[in-house]
Amino acid sequence: MPAVVPPVGVGGGELGHPESAALRSSGGGRTAPLVLTGKSADPPSVAGGGVFVGIVSKNGENCGPRADRYLLQNVARKLLLAPFSPPPHKPEKKMYPHAVCSCLWWLARGSEAVEVYYSPARGKARYRGLMTCSSVWACPVCASHITERRAEEIRLALDSLRDKGGSAAFATFTVSHAHEDALKTVLDGFLAAFRYLTSKPSYKRVRARYGVLGFVRVLEPTYGRNGWHPHAHVLYCFSSSLSAAEIQCFEDDLYPLWESAAARYGLSMSRRYGLEVKKAYGSVEEYLAKFGRGPRWDISREMTKGHIKQGRSIAGLKHLTPWELLAAAGADDWRCGKLFREYVERFSGKAQLYWSPGLRALLLPDVVVEATDAELVAEAVADEFLSGKISSAEWESIKRAVGRAEVLRLVEVAAGSWDMVAEYLARILIEFPPFVPRQRGALSEGFRAMLVQLHAEQAERNRWVAPLPSAAGVA
Ligand SMILES: [Zn+2]
């Protein structure tokens, strides 16, 4: 029995798997046996307080990176359902659950069915007619799509830079922080210091000296032994090819400027970690791709299992990415769940990727205006066609069966044909019958009969009580 006590509202088996309760209760009538993900041979001990995390049927459903992302999204939905508190200067502001709670979960306004489109060129299926959140920070599903497209753009920009005879270097900016520092303090200070650095005349002189054309900045948070660690990866683009020695000189010239900019906002750093510049192509793009992929659910599960059993949180052990925090929260590490909420609250609205002014025009003249995250998520694919439609009742069954990723997989396996999905739907509609929403005001027969009897008894009592005073009055 884990000694970790889940906090109210973020707890227990719910977090382990949102639909785990439904799965447990339906265990008897199931045709495909369920196993826990991961290599563990431990049987799932539901009665003993064990937690279902990833659930995989033996024929391999619901596994793979996309299924992992949907599972992680399920955890995010549970964690972010309670709205954040309003900002202190606007205490009356009405706050809502985070948009990730509706993402690919509820039908979009005006749509009557969920549509599945398939693109033969990409070999990918996707949903339409559902709400989406376009949140690169909170939603593993949207983040994967957005970062994949942004990484492609950086790849193109680097190709273009190489064609022009330029080169690139990969810089990492960090500041020192302590375990007790709040994320808001470190993040706000860090971003202000970076803005201040890039506006300094001395920085502009360094830029000119090394022929810097511009930069692409990616913001990344991790959580480790010393608390929150927001840092930035910056891809510097140079007009010529610089040698390793020149890159080292660039770093040596840049470091004092970064140190003094950070000091202005009360932040300190060490020479070893404050700034590091490496000559490398594609590092930012690799980083983005990595962010989009997220951790493998089964690996995260393995990673967290031992600690949870001993009642310890895995937060603080190593540098955990937000998705690793989310996966740990899914394994009932409530402290990681709290950290994930804090991270989403502080990072929402911040740009993950920033191009310095003029760089896009120079390297990507055809796509000078950067698409927003929402545009990337809603982007149409040229060759896609409608593979099939899912009614809202069937969609409820799919959600209960944790089958959102599975439907897409089946469409892809069948190269856009609906046959396998139709079979799958027929099966899960029996295993997970959709909830039939009761008409407003309609009561079940048993409840109605009970009410009628109660009313009759009440009327009988009233009839007996009521005549007394009047009878006394008459007398
Ligand atoms: Zn989303």
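The values are calculated or read from the model by the stated rules, or taken from the named source; none is laboratory data. Since this is a predicted model, take the numbers as computed values, not measurements. Positions of Cβ are generated from backbone atoms using ideal geometry, with glycine treated the same way; all protein chains shown enter the neighbour counts.
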Name the single residue, out of those in the stretch 152-201 being among the aromatic types (Phe, Trp, Tyr) and crowded, with 19+ Cβ neighbours inside 10 Å, that is modelled with the lowest pLDDT. Phe170
Run Thr372 past the list (1) within 16 Å of the ligand (Cβ to nearest atom); (2) among the polar types (S, T, N, Q); (3) touching a Leu at 6+ places or on another chain (Cβ under 9 Å) and report the number of the one that doesn't hold. (3)
If you take the residues of the stretch 208-234 that are within 21 Å of Leu362 (Cβ to Cβ) and touching a Ser or Thr at 6+ places or on another chain (Cβ under 7 Å), which of them is surrounded by the fewest Cβ atoms within 10 Å (Cβ to Cβ)? Gly211
Say whether the condition of being in contact (Cβ under 8 Å) with a residue 24 or more places away in the chain and either of a type in the set (Val, Ile, Thr) or more than 26 Å from Arg69 (Cα to Cα) (or both) is met by at least one residue in the stretch 328-349. yes
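Take the residues in the stretch 80-135 that are among the polar types (S, T, N, Q) and in a loop (DSSP other than H, G, I, E, B), then tell me which one is farthest from the ligand (Cβ to nearest atom). Don't jump to the end; show me each part of the working.
Here is the first cut: in the stretch 80-135, the residues among the polar types (S, T, N, Q) are 85, 102, 111, 119, 132, 134-135.
Still in the list and also in a loop (DSSP other than H, G, I, E, B): 85, 102, 111, 132, 134-135.
On the way: Ser85: 23, Ser102: 9, Ser111: 16, Thr132: 5, Ser134: 6, Ser135: 6 Å.
Among those that are among the polar types (S, T, N, Q) and in a loop (DSSP other than H, G, I, E, B), it is Ser85.
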Here, helices (runs of 4 or more DSSP H) confined to the stretch 174-289 with at least 3 residues that are of a type in the set (Phe, Trp, Tyr) are 183-199, 244-264
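State all residues of the stretch 136-187 that are at positive phi and within 16 Å of the ligand (Cβ to nearest atom); if no residue qualifies, say none.
Within the stretch 136-187, the first condition is being at positive phi, and the residues that meet it are 165.
Hits for the stretch 136-187: nothing passes.
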